[in-house]
Every structure is written in C-alpha cells, then in structure tokens.
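Here's the structure we're looking at; comments come further down.
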Amino acid sequence: GIQVEQSPPDLILQEGANSTLRCNFSDSVNNLQWFHQNPWGQLINLFYIPSGTKQNGRLSATTVATERYSLLYISSSQTTDSGVYFCAVDTQGGSEKLVFGKGTKLTVNP
Amino acid sequence: DGGITQSPKYLFRKEGQNVTLSCEQNLNHDAMYWYRQDPGQGLRLIYYSQIVNDFQKGDIAEGYSVSREKKESFPLTVTSAQKNPTAFYLCASSMEYEQFFGPGTRLTVL
C-alpha cells in the first residue's frame, strides 16, 4: 500500500520562529490533507491540497504531486501552534480512504 | 451548529465486555469513517461507509463491528474479540474528498 513519511518527527521552536514540515508519499494521490491535532486530541483541518499552493494566515502549504511531496509552512509560530501535525493521503480515487503519516510533533516555547 | 459529535468522551470497560461508541453528524455527509489512534502513532482506518446500509472493512477491522442504518449515525462496537482495545477512537465524515473529524472517545479496558 501507499507509504506516507513525515519529517521531522519532532520539532522544538522558540515563539516567533518559522518552520517547514514535510510529507513524502510513495504513489500518486487524489487527496492530500494536513491536520493539526491539539493537546485534547481534536483533529483540525488545515488544508485540503492535492496539488498547488494555499495560504491561510500564518500557515501555507504546497503540494508537488509529480514529485510526491507536500510542505507545510508555519510562520511566526505561537505557543498555540504546538501539537501534532499529520499529513494524510488517499489510496485510490473516489473512496477517500485516507492513509496517515506518523506526524510531526511541534513544541513552541514562549 | 453543524458538526460531528462522539460520545462518551471517556469510556472504561472490563475485559470481556462489548462496548459501543457513538458517532453522529448533521453535516449531511454521505461517507463516515472510524479510525483508531495509539499513543505516538498516526490514525489507522477501522471501517468506513460511503452510503447508508453499506460499509467496508478498513485496515484493522478485526474485533470491531459497525452499522449504518441512518445517514447521520455510524456507531462502532468494540467486541471482546479485539485483543488490544485501549486506544483513542476518532470518527470522521466527508461529502466529497475532505474529511472532518469528531472530538474522539478515549477507551480504556481495565
């Protein structure tokens, strides 16, 4: 099946720093989503981005489908950005069966 | 408010007992999903349903059962056959490609 690898596994930043999280996937995909899991476990949708670039405030994401990777950029990080960031991709068109990476755990210190 | 609700938030059960986790959505989404998350891991798909009265096994369906009698509801039963049921269970729904998640249920088997 499709493999999803996220890097780095852990990231510690000072408030105000910028960061880039990476997601590599082993096959072509029809769906790619980025999520933020907060300390209470809730998964919050950040981006639906099977290709191209999107921005939402301090966050932006780029997916290069032909090269099978996606990047999540966090600028001017805040302590509330802490948590785990997951990348998830689908395995076949139309079924929306997402396969998740193991996540990047981000800690932003004040 | 539109959204996905899961209940209960925390659940404790004794070994050998079956337990049912509730998932309800009022987003009018066709598809619903159950995932399991273990500490420090990504999410793994248990079951999914794309329409009422139909559901498919995911990657780790053994020891679990589901039903989809109504569009709004997709309950998950964790049976005594599930060898390691202690985990965080997340329900999701989608209309086309983007999945949205409920707050989760933490199940502990004593």
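If I filter the range A:88-103 for residues that are touching a Lys or Arg at 6+ places or on another chain (Cβ under 8 Å), farther than 18 Å from A:Ser7 by Cβ and either more than 11 Å from chain B (Cβ to nearest Cβ) or not aromatic (Phe, Trp, Tyr) (or both), do I get at least one hit? Quick ask: steps written out before the conclusion?
Initially, the range A:88-103 is screened for residues touching a Lys or Arg at 6+ places or on another chain (Cβ under 8 Å), giving A:90-91, A:100.
Those left that are additionally farther than 18 Å from A:Ser7 by Cβ: A:90-91.
Now narrow it down to the ones that are either more than 11 Å from chain B (Cβ to nearest Cβ) or not aromatic (Phe, Trp, Tyr) (or both): A:90-91.
Yes, because at least one residue in the range A:88-103 is touching a Lys or Arg at 6+ places or on another chain (Cβ under 8 Å), farther than 18 Å from A:Ser7 by Cβ and either more than 11 Å from chain B (Cβ to nearest Cβ) or not aromatic (Phe, Trp, Tyr) (or both).
Give the residue, chosen from A:Val84, A:Val108, A:Val99, A:Val29, that is assigned to a strand (DSSP E or B) and modelled with pLDDT under 95. Break it down stepwise before answering.
Working: A:Val84 fails: modelled with pLDDT under 95; A:Val108 fails: modelled with pLDDT under 95; A:Val29 fails: assigned to a strand (DSSP E or B).
The conditions single out A:Val99.
Looking only at the range B:22-39, how many residues end up being aliphatic (A, V, I, L, M) and more than 11 Å from every other protein chain (Cβ to nearest Cβ)?
Within the range B:22-39, residues that are aliphatic (A, V, I, L, M) and more than 11 Å from every other protein chain (Cβ to nearest Cβ) number 1.
Name the single residue, out of those in the range B:40-68 being without any contact (Cβ under 8 Å) to a residue 12 or more places away in the chain and under 21 Å from A:Pro39 (Cα atoms), that is nearest to the other protein chains (Cβ to nearest Cβ). Quick ask: steps written out before the conclusion?
Going residue by residue through the range B:40-68, those that are without any contact (Cβ under 8 Å) to a residue 12 or more places away in the chain are B:40-42, B:56-57.
Then drop every residue that is not under 21 Å from A:Pro39 (Cα atoms), which leaves B:40-42.
On the way: B:Gly40: 8, B:Gln41: 6, B:Gly42: 4 Å.
Once the filter is applied, the top-ranked residue is B:Gly42.
Taking into account only those residues within the range B:69-99 that are under 22 Å from A:Ala88 (Cβ atoms) and more than 13 Å from the chain's Cα centre (by Cα), which is farthest from the other protein chains (Cβ to nearest Cβ)?
Result: B:Met95.
Checking the structure you have, find out if any residue of the range A:18-40 is more than 20 Å from B:Met95 (Cα to Cα) and without any contact (Cβ under 8 Å) to a residue 12 or more places away in the chain.
So in the range A:18-40, the residues more than 20 Å from B:Met95 (Cα to Cα) come out as A:18-28, A:36-40.
If we keep only those that are without any contact (Cβ under 8 Å) to a residue 12 or more places away in the chain as well, we get A:40.
Yes: one or more hits.
Could you say whether any residue in the range A:52-66 is under 17 Å from B:Gly42 (Cβ atoms), of a type in the set (S, T, N, Q) and either more than 10 Å from the chain's Cα centre (by Cα) or at the interface with chain B (Cβ under 9 Å from one of its Cβ atoms) (or both)? Can you show your working first?
The initial filter retains those residues of the range A:52-66 that are under 17 Å from B:Gly42 (Cβ atoms), namely none.
No, every residue in the range A:52-66 fails to be under 17 Å from B:Gly42 (Cβ atoms), of a type in the set (S, T, N, Q) and either more than 10 Å from the chain's Cα centre (by Cα) or at the interface with chain B (Cβ under 9 Å from one of its Cβ atoms) (or both).
Within the group A:Leu72, A:Leu11, which residue is touching a residue at least 60 places away in the same chain (Cβ under 8 Å), in a strand (DSSP E or B) and buried (at least 17 other Cβ atoms within 10 Å of the Cβ)?
Working: A:Leu72 fails: touching a residue at least 60 places away in the same chain (Cβ under 8 Å).
On inspection, the qualifying residue turns out to be A:Leu11.
Please tell me if A:Ile49 is touching a Lys or Arg at 6+ places or on another chain (Cβ under 8 Å) and surrounded by 15 or more Cβ atoms within 10 Å (Cβ to Cβ). Lay out the reasoning, then the answer.
Numbers: touching a Lys or Arg at 6+ places or on another chain (Cβ under 8 Å): no; surrounded by 15 or more Cβ atoms within 10 Å (Cβ to Cβ): yes.
No: the conditions fail for A:Ile49.
The values are calculated or read from the model by the stated rules, or taken from the named source; none is laboratory data. Because the structure is predicted, anything quoted here is derived from the model rather than measured. As a convention, Cβ positions derive from the backbone with ideal geometry for all residues, glycine included, and neighbour counts pool all protein chains shown.
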